[in-house]
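A.B. asks: Quick one: the structure is below, questions incoming.
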Amino acid sequence: MIKHTPLYELHKAAGARLVDFAGWEMPLHYGSQVQEHHYVREHAGVFDVSHMAIVDVLGTGARDFLRYVLANDVDKLLHRGKALYTCMLNDAGGVIDDLIVYFLDAHFYRLVLNAGTRDKDIAWLNKQAADFSVGLHERNDLAILAIQGPQARSKTLPLLSLHLMDAASTLDTFECIEHDNQLIARTGYTGEDGFEIILPFNKAIKLWERLLDAGVHPVGLGARDTLRLEAGLNLYSADMDETTTPYESNLGWTVALQPADRIFIGRAALELQKSNGIEQKLVGLVLEGKGVLRSHQKVKITNDGEGITTSGSFSPTLGIGIALARIPVSQATHCQVEVRDQWLPARIIKPPFVKQGKKAYE
């Protein structure tokens, strides 16, 4: 059965084009995906991402459990209110999912997982939790709103309660405040500043309506994808999955091999791969002429072999075709991409493509 977020009726009333995404009927856009993209880059937009999974990790063994099940180390979170991006790996070092973990108390962490991997992730976490003094609680009573863009903070802060407004105004990137069953984090998936807010259904509906009244534009999954691609942010199942490791997915920075005595799932496989060296890497491609890049297009590098695009689109900010691609490790700076039976020239860059609304590469 198709699932709906608590904001479903508001999306319909706003004229959203609704599509099935991972079993949820979600807004693709509200009229113009490109306009929504530009609005986030130039002003502020709000996304309903309540389809994502929220899991609270509670108990005296929470820290040890997360240090074992995640590739990044939650011991980096030195103070309550810190957040961490990480991958969750299988024994072979493949990426089961990428997620954010929030440190809320000594025995209380919160995970936000991808919608498409919800059931698989929770089954995996429950299996691993059997050996730890920990409880996992899926929070099906909470919604998530993401407000993103250069005006996101100035538009959102006045709509919060006085306590939350004061606390949220001083948050740094990847910090959060949790109060009265509401969590406000300075995180996002667009490359822009802003907040992700986790809150009860009724409060989410009210906040959504107040944000729109304040001039924040509703934005669908279509613009969310072009925004994250311009920012060089991976999409699970496209740019990485259980067959690829963080080192092959431009996510080596999320792997914490120190301290050397921390045992985590996938560590042995990653250490071996790091020692032997990777054969493929994830890079950015910029089309040098007209055209649109998509996923699953062949990439050819002279003298170095072939690869494939993993995500691709026309960049509304740059006005050119861009993609992420997994290619053989080489020093090449140019390649060719097969687009509609033609081989088109493209540059190889290190993502991101766009930062703070402007071109981010030379």
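A.B. asks: Please list, or write none, the lysines whose alpha carbon is within less than 20 Å of the alpha carbon of Lys206, excluding same-chain residues fewer than 8 places away.
C.D. replies: Correct list for Lys206: Lys12, Lys155.
A.B. asks: Just name one of Gly284, Val339, Gln356: the one whose Cα is farthest towards the positive end of the charge dipole of the stretch 279-359 (beta-carbon charges, Lys/Arg +1, Asp/Glu -1).
C.D. replies: Checking the options against the dipole of the stretch 279-359, the answer is Gln356.
A.B. asks: Once you charge only the Cβ atoms, +1 for Lys and Arg and -1 for Asp and Glu, what is the size of the charge dipole of the chain about its Cα centre, to the nearest 20 debye?
C.D. replies: Taking the Cα centre of the chain as origin, the dipole is about 660 debye.
A.B. asks: In nm, what is the difference between 0.36 nm times the number of residues separating His334 and Ala260 and their Cα-Cα distance?
C.D. replies: Gain in length upon complete extension: 22.8 nm.
A.B. asks: Too long at a 24 Å Cα-Cα cut-off: which of Lys281/Lys355; Lys3/Lys120; Lys82/Lys359; Lys82/Lys120; Lys290/Lys358?
C.D. replies: Beyond 24 Å between Cα atoms: Lys82/Lys359; Lys82/Lys120.
A.B. asks: Using a 7 Å offset from the Cα along the Cα-to-Cβ direction at both Asn90 and Thr243, what is the distance between the two label points in nm, to one decimal?
C.D. replies: According to this spin-label approximation, the distance is 1.1 nm.
A.B. asks: Here's a follow-up. Which is the longest part of the chain that has none of the trypsin sites (Lys or Arg not before Pro) sitting in a DSSP loop with at most 10 other Cβ atoms within 10 Å?
C.D. replies: 1-289
A.B. asks: May I pose another question? Please give the Cα centre distance for the stretch 214-229 versus the stretch 1-23, rounded to the nearest Å.
C.D. replies: With the stretch 214-229 and the stretch 1-23 each reduced to a Cα centre, they are spaced 15 Å.
A.B. asks: Turning to a different aspect of this structure: Taking each pair of different alpha-carbon atoms in the stretch 279-359 once, compute 1/r for the pair, average those values, and report the inverse of that mean as the Kirkwood hydrodynamic radius in Å to one decimal.
C.D. replies: Over the stretch 279-359, the inverse of the mean reciprocal pair distance is 12.3 Å.
A.B. asks: Separate question: Using the beta-carbon distance between Glu9 and Ser32 and R0 = 22 Å, what value does 1/(1 + (r/R0)^6) give for FRET efficiency, to the nearest 0.05?
C.D. replies: E between Glu9 and Ser32, to the nearest 0.05, is 0.50.
A.B. asks: Hey, what number do you get for the chain at 222 nm if only DSSP H runs of n ≥ 4 count, each worth -39500 (n - 2.57), divided across all residues, to the nearest 500?
C.D. replies: On the way: 9 runs with 81 residues, N = 362.
That calculation yields -6500 deg cm²/dmol at 222 nm.
A.B. asks: Right, another one. Rounded to the nearest 0.05, what FRET efficiency is calculated for Asn303 and Ser169 with R0 set to 41 Å and r the Cβ-Cβ distance?
C.D. replies: 0.15
A.B. asks: Here's a follow-up. For an R0 of 25 angstrom, estimate the FRET efficiency from the Cβ-Cβ distance between Ala106 and Asn140 and round to the nearest 0.05.
C.D. replies: Efficiency, rounded to the nearest 0.05: 0.50.
A.B. asks: Could you work out the pair-distance distribution P(r) of the chain from its alpha-carbon pairs, with 20 angstrom bin width and percents rounded to whole numbers?
C.D. replies: Once binned at 20 Å, the Cα pair distances of the chain give 29, 59, 13, 0.
A.B. asks: So, one more: For the stretch 293-362 and the stretch 127-152, compute the distance between their C-alpha centroids and round to whole Å.
C.D. replies: What the calculation gives is 33 Å, centre to centre.
A.B. asks: Then there's this: Could you estimate the translational diffusion coefficient of the stretch 1-97 from the Stokes-Einstein equation, with Rh from the Kirkwood formula over C-alpha pairs, at 20 °C and 1.002 mPa s, in whole µm²/s?
C.D. replies: 127 µm²/s
A.B. asks: Which whole-Hz couplings ³J(HN,Hα) result when phi for each residue of the stretch 238-253 is put into the Karplus expression 6.51 cos²θ - 1.76 cosθ + 1.60, θ = phi - 60°, listed in order with x for Gly and Pro?
C.D. replies: With coefficients 6.51, -1.76 and 1.60, one gets 9, 9, 7, 7, 6, 9, 10, 9, x, 5, 8, 10, 6, 10, x, 5 Hz.
Taken together, the values in this text are just the output of simple stated rules run on the coordinates, not laboratory data. Quick caveat: nothing in here was measured; it's all calculated off a predicted structure. Backbone-built Cβ (ideal geometry, glycine too); neighbour counts: all protein chains shown.
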